[in-house]
Amino acid sequence: MEDAKAELRKVIREHRRSRSAAELERLGHELASQGVQAVGDARTVALYVSTGSEPPTLPLLDALHARRIQVLLPALGPGLARQWALYMGSQDLTHQAPGRPPEPSGPRLPAEAIQRADVIITPALAIDGMGNRLGQGGGWYDRVLKLVDRDVPTFTMLFDDELVDSQLLPSDSLDVPIQAVITPTQVFLLEGSRLQRDTLEKVQAAS
């Protein structure tokens, strides 16, 4: 299982590195447009700061901040404790340690602060039609997602060619399925997810 995941990560990371800076900038703005749509009227969103060739999140972070939406970002506390901090603008982000994404400078919040979020947007390298998410390998999000009520919408942000619809990604009991996907061209609910069922029920009740 771990060997299969490691090989997939290697292939996807290599493909991501093939995109130019100009292409990443364009895709970042397209992702922001789709992300704002996905968030809707949420008042608090849990997001993340992208690095390198990941789907860029800074345009979405700034768009949410401009709308006065509270944004929680991952932050590491003492002993690599999983914590959060509030996004106060790109000028506030700093590198706290080598190899870690930039983090806000403000007070650290406990892992349970993710329970404040109305919408959660996670990173990933790929996702399949059942919501199985291939993360970076550290298990950070799988652990914190276990703290979240299952009614809270959970999205993964990806490039369009990282959607796997022909097979299932390798997964185990520790992996937490995602309910929906944001790409540069679309926002959609995954087949069979609780979020899709709830949406269909609301549409049927309204009609």
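The values are calculated or read from the model by the stated rules, or taken from the named source; none is laboratory data. Please read all numbers here as calculations on a predicted model, not as lab measurements. Positions of Cβ are backbone-derived with ideal geometry, glycine not excepted, and every protein chain shown enters the neighbour counts. The area values use the complete protein model at the heavy-atom level, side chains included, leaving out ligands, DNA and RNA. Shrake-Rupley method; radii C 1.70, N 1.55, O 1.52, S 1.80 Å.
What fraction of the DSSP beta bridges in the chain is antiparallel, stated in percent and rounded to the nearest 5?
Details: 12 of 26 bridges.
Beta bridges within the chain, antiparallel portion: roughly 45 percent.
Around residue 75, which amide H atoms from residues at least 5 apart in sequence, or from another chain, sit under 5 Å from its own amide H, with H modelled in the peptide plane?
Placed amide hydrogens put 83, 84, 85 under 5 Å from residue 75.
So what's the net charge close to residue 38: Lys and Arg +1, Asp and Glu -1, counting the other residues with Cβ under 14 Å from its Cβ?
Details: positive: 67; negative: 30, 41, 118.
Combined, the nearby Lys, Arg, Asp and Glu give -2.
In terms of the Cα gyration tensor, with a ≥ b ≥ c the square roots of its eigenvalues, is the range 19-100 rounded because a/c is under 1.5, prolate because a/b exceeds b/c, or oblate?
Working: a/c = 2.16, a/b = 1.18, b/c = 1.83.
Note, shape of the range 19-100 comes out oblate.
Could you state the accessible area per residue of the range 1-143 in Å², with a 1.4 Å probe and every protein chain left in place? Mind showing how you got there, number by number?
Numbers: 7130 Å² over 143 residues.
So the range 1-143 comes to 50 Å² accessible per residue, rounded to a whole number.
Rounded to the nearest 500, what is the 222 nm mean residue ellipticity of the chain from helices alone, with -39500 (n - 2.57) per DSSP H run of 4+ residues and division by all residues?
My calculation for the chain gives -9500 deg cm²/dmol from helical runs alone.
Which shape class applies to the chain: rounded if a/c is under 1.5, otherwise prolate when a/b exceeds b/c and oblate if not, where a ≥ b ≥ c are the square roots of the Cα gyration tensor eigenvalues? Before the final figure, lay out the partial values.
Details: a/c = 1.27, a/b = 1.09, b/c = 1.17.
Cα axes put the chain in the rounded bin.
Rounded to the nearest percent, how much of the accessible area of the chain (1.4 Å probe, protein heavy atoms only) is carbon and sulfur?
Here it works out to 53 percent.
Within the chain, which complete DSSP H helices have Cα atoms spanning at least 20 Å along the helix axis and a mean Kyte-Doolittle hydropathy of -1.0 or higher? Before the final figure, lay out each step's value.
Details: long enough: 2-16 (21 Å, -1.49); 21-39 (26 Å, 0.01).
Result, helices passing both filters: 21-39.
Near the amide H of residue 57, under 5 Å away, which other amide H atoms are found, from residues 5 or more places off or on another chain, if H is placed in the peptide plane?
50
Under the rule a/c < 1.5 gives rounded, and otherwise a/b versus b/c splits prolate from oblate, where does the range 71-146 land using the Cα gyration tensor? Walk me through the numbers on the way to the answer.
Numbers: a/c = 1.72, a/b = 1.53, b/c = 1.12.
It is prolate, given that a/c is not under 1.5 and a/b is the larger ratio.
Go through 27-35, 127-135, 145-153 and give me the packing order, highest mean Cβ count within 10 Å leading. Let's see the in-between values first.
On the way: 27-35: 19.6, 127-135: 21.2, 145-153: 14.2.
So the order, starting with the most tightly packed, is 127-135, 27-35, 145-153.
Explain nothing, just the number: dipole magnitude of the chain about its Cα centre with +1 on each Lys and Arg Cβ and -1 on each Asp and Glu Cβ, in debye rounded to the nearest 20.
Numbers: 22 positive and 27 negative charges, 112 e Å.
I would put it at about 540 debye.
At a 10 angstrom cut-off on C-beta neighbours, averaged per residue, how do the peptides 51-64, 106-119 rank from highest to lowest?
Details: 51-64: 19.7, 106-119: 16.3.
Put in order of decreasing packing, that is 51-64, 106-119.
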